[in-house]
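Inspection log for the structure reproduced underneath, given as structure tokens.
What follows is calculated from the coordinates using simple rules that are stated; it is not laboratory data. All of these numbers come straight from a predicted model, not from anything done at the bench. Note: ideal-geometry Cβ built from the backbone for every residue, glycine included; neighbour counts use all protein chains shown.
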Amino acid sequence: DTEVTQTPKHLVMGMTNKKSLKCEQHMGHRAMYWYKQKAKKPPELMFVYSYEKLSINESVPSRFSPECPNSSLLNLHLHALQPEDSALYLCASSHAGLGSNQPQHFGDGTRLSIL
Amino acid sequence: TQLLEQSPQFLSIQEGENLTVYCNSSSVFSSLQWYRQEPGEGPVLLVTVVTGGEVKKLKRLTFQFGDARKDSSLHITAAQPGDTGLYLCAGFSGAGSYQLTFGKGTKLSVIP
């Protein structure tokens, strides 16, 4: 069982919808990450939060909007997505802040399909 | 760009056989992680290696970090169907690095 919990597990949405992905961890980790993973590819980094502040945005389109309400929660707000955004969205966390080289622990992901 | 080359890309073996997966780079990594990912799930952390020459064992899995910290290997003894999955190596290229560089993965199928 993963200690990083993501909801929902599956999400189907139209291109005009607004939805949010949620991630929660209670390990006291201070860095949290969003990754996008396409089929048969490794995960690609999207955002990094360190001590609840957005530290890294890997040139992600503005239709993806991250939010970190507190040290345990991470959200990804979605709006006006495109079919090519269909993928597995993974949340991860690590013990210390950005640049600490601590191993990352992943959730099971949200399988997102854009119609 | 730091690259991690994994080989083989695909591996299909019979239950009970041994296998080795390789993760190589021309760059030095301060630490390297191995993950296993099953379809529809997130990567599960198996091990982290940080010291050149380090060997770690996890039941039938043996992980080794190269002396120069540029390569790593995963050896599985007496593979079982439950070992089936995508094995990913990933590493940090240096102190202060935030970017976890992933290899492309090795898809392992263990046939009963």
Of the listed pairs A:LYS18/B:LYS104; A:LYS9/A:LYS40; A:LYS19/B:LYS107; A:LYS41/B:LYS107, which have alpha-carbon separations greater than 21 Å here?
A:LYS18/B:LYS104; A:LYS19/B:LYS107
Per GNM of chain B with C-alpha springs under 10 angstrom, the most fluctuating residue out of B:LEU19, B:LEU58, B:LEU100 is B:LEU58
Mind checking which of B:SER31, B:SER12, B:SER72 has the largest fluctuation in a GNM of chain B, springs on alpha carbons under 10 Å?
B:SER12
To the nearest whole number, what is the average tally of beta carbon atoms from other chains within 10 Å of the beta carbons of peptide B:37-47?
6
Looking only at chain B, where both bridge partners belong to it, what percent of the DSSP beta bridges are antiparallel (to the nearest 5)?
90
Return the Cα extents of the protein assembly as shown along principal axes one, two and three, sorted largest first, each rounded to a whole Å.
50, 40, 31
Take the Cα pairs of chain A, get the Kirkwood Rh, then feed it into Stokes-Einstein at 4 °C and 1.567 mPa s and tell me D in µm²/s.
92
Compactness of region B:29-112 as Cα Rg over 2.2 N^0.38 Å, two decimals:
1.10
Looking at region B:32-89, which trypsin sites (Lys or Arg not before Pro) are in a loop (DSSP not H, G, I, E or B) and have at most 16 other Cβ atoms within 10 Å?
B:LYS59, B:ARG60
So how do B:THR62, B:THR51 line up by other beta-carbon neighbours within 10 Å, fewest first?
B:THR51, B:THR62
Partner aspartates and glutamates for A:LYS22 [C-alpha distance under 16 Å; skip if fewer than 8 residues away on the same chain]
A:GLU3, A:GLU52, A:GLU67, A:ASP108, B:GLU41
